[in-house]
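The values are calculated or read from the model by the stated rules, or taken from the named source; none is laboratory data. Everything numeric here is computed off the predicted structure, so don't read it as measured data. Every residue, glycine as well, gets a Cβ built from its backbone with ideal geometry; the counts of neighbours run over all protein chains shown.
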Amino acid sequence: MSLRFVFRRRCLLVFAAAFMTLAMIPQQRALAQPPNARIGEAVPRDVREMYDRGLQYLANSQSQNGDWTGGFESGPGSTGLALMVFLASGEDPNFGLYSNNVRRALRSIISQQDASTGYLGNSMYHHGFGMLALAEAYGTVDDRSLWPEGGTPAQKRSIGQALELAVRASITSQKKNQFGAWRYSPDSTDADTSVAGAVLVGLLAARNAGVEVPDEVIDKALGYFQKMTSSSGQVGYSGGFGGFDESIARISIATLVYSVGRRKDFPQYKATLGYLTQRLEAPPQGWVEYARYYQAQALFQGDVEAWEKWNKLLVRQLKQSQQADGSFRSQQFGAPLGTAMSLLALALNYRFLPIYER
């Protein structure tokens, strides 16, 4: 039977005196939380069944190298999103049913990192999502069982070392950018809200994990999103201003970074959240799985009642589209990444990932 627990970093500080036996375990984020301690009601049966079938598909389709191929470009970002599906399920990542899948995915992400620059993969999309996955795994997965015997120390970086390098690469890239944000290359001087959202959420997750991220880095990136948000709540795509249109994905990204960045006082946040809550039944226009992935988090962080209504619609839609093998097909992303994003939209029902905390 699954342990279904999650480590809570901040609880370690509060309860350290009562649990001194945990002190010998390196990088533990926090104490095991019993299954009945999750926020809200128990996870509905149909959600659990869908999620478990999807997990099985991802476990069966993972390569021996730890990544997933087929459809959209593979790399540390795609691997990171799939990894978070396993971490979000509540299975013990060190000894549970999918512990080998977790370790293989982490080794794949770290192996694709430039040891000198910290850059993950070949795109800042991959870098952002890979960094997010490292942050969610940090303190939860025991590094002592991560790497097999052999290899050089540089090849066997710990999760914490890889995460700190990724943060450093993000900050270095931001300094080169005239808008204080990010685009496809770490050397880009232009920016867009989609790539910037991936990197910024990764940085916020790293900060939550205890890695030092200067306030000015977060403030500068949030300032970019402010400039790209209209009074109506629409969010532009690239450059420094304008280009506002109906994009649930970008509006959700902006809402999420304002929320997790603790700037719900921004008028731009109120505008984007209002835009989403007034259109709960509106289907995303293109890149459906990507939009759902962000919309789930944005609504949950901003308005739980709105999220509950939207989540019921999501569950019905995904029940109709899940394939016999547990996957979710996607025209844009292919089955592995489409499945990972669909399951992460459902994962708010579990709420084990630290980035999903309110």
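Looking at Ala196, is it touching an Asp or Glu at 6+ places or on another chain (Cβ under 8 Å), modelled with pLDDT of 95 or more and buried (at least 23 other Cβ atoms within 10 Å of the Cβ)? No: the conditions fail for Ala196. If you go through the stretch 58-86 and keep only what is buried (at least 22 other Cβ atoms within 10 Å of the Cβ) and not in a loop (DSSP other than H, G, I, E, B), you end up with Leu58, Pro76, Gly77, Ser78, Thr79, Gly80, Leu81, Ala82, Leu83, Met84, Val85, Phe86.
Has the stretch 238-260 got any residue that is in a helix (DSSP H, G or I) and farther than 30 Å from Met50 by Cα? The answer is yes; a qualifying residue exists.
Among Asn122, Asn101, Asn94, which is the only one that is surrounded by fewer than 23 Cβ atoms within 10 Å (Cβ to Cβ), polar (S, T, N, Q) and assigned to a helix (DSSP H, G or I)? Please lay out each step first, then the result.
On the way: Asn122 fails: assigned to a helix (DSSP H, G or I); Asn94 fails: assigned to a helix (DSSP H, G or I).
Of Asn122, Asn101, Asn94, the one residue that is surrounded by fewer than 23 Cβ atoms within 10 Å (Cβ to Cβ), polar (S, T, N, Q) and assigned to a helix (DSSP H, G or I) is Asn101.
For the stretch 194-217, the set of residues classified as touching a Phe, Trp or Tyr at 6+ places or on another chain (Cβ under 6 Å) and either among the polar types (S, T, N, Q) or under 16 Å from Gly239 (Cβ atoms) (or both) consists of Val195, Ala196, listed by residue number. Just to be sure before I move on: is Ala298 at pLDDT 95 or above and surrounded by 15 or more Cβ atoms within 10 Å (Cβ to Cβ) in the structure I sent? Against the criterion (at pLDDT 95 or above and surrounded by 15 or more Cβ atoms within 10 Å (Cβ to Cβ)), Ala298 qualifies.
Contact map, the stretch 194-205: residues that are over 17 Å from Gly240 (Cα atoms) paired with residues that are part of a helix (DSSP H, G or I) and among the aromatic types (Phe, Trp, Tyr), Cβ distance under 8 Å, separation 6+ or inter-chain. Pairs shown: Ala198/Tyr125; Ala198/Phe129; Gly202/Phe129. Scanning the stretch 157-181 for residues that are more than 24 Å from Asn208 (Cα to Cα) and either part of a helix (DSSP H, G or I) or modelled with pLDDT under 95 (or both) yields one hit, Lys176.
Residue by residue through the stretch 254-295, note down the ones that are among the charged types (D, E, K, R), touching a residue at least 40 places away in the same chain (Cβ under 8 Å) and either closer than 20 Å to Ser78 by Cα or surrounded by fewer than 16 Cβ atoms within 10 Å (Cβ to Cβ) (or both). Don't jump to the end; show me each part of the working.
Residues of the stretch 254-295 among the charged types (D, E, K, R): 262-265, 270, 279, 281, 289, 292.
The next check asks that each one be touching a residue at least 40 places away in the same chain (Cβ under 8 Å); those that pass are 263, 289, 292.
If the condition is that a residue be among the charged types (D, E, K, R), touching a residue at least 40 places away in the same chain (Cβ under 8 Å) and either closer than 20 Å to Ser78 by Cα or surrounded by fewer than 16 Cβ atoms within 10 Å (Cβ to Cβ) (or both), then Glu289, Arg292 are the ones that fit.
State the number of residues belonging to the stretch 277-317 that are of a type in the set (Gly, Ala, Ser) and over 14 Å from Glu246 (Cβ atoms).
Step one: of the stretch 277-317, the residues of a type in the set (Gly, Ala, Ser) are 282, 286, 291, 296, 298, 302, 306.
In the following step, the residues that additionally are over 14 Å from Glu246 (Cβ atoms) were identified as 296, 298, 302, 306.
Qualifying residue count, the stretch 277-317: 4.
Checked against (1) at pLDDT below 95; (2) over 30 Å from Asp303 (Cα atoms); (3) out of contact with any Asp or Glu (no Cβ under 6 Å at 6 or more places or on another chain), Val43 passes all but a single condition, namely (2).
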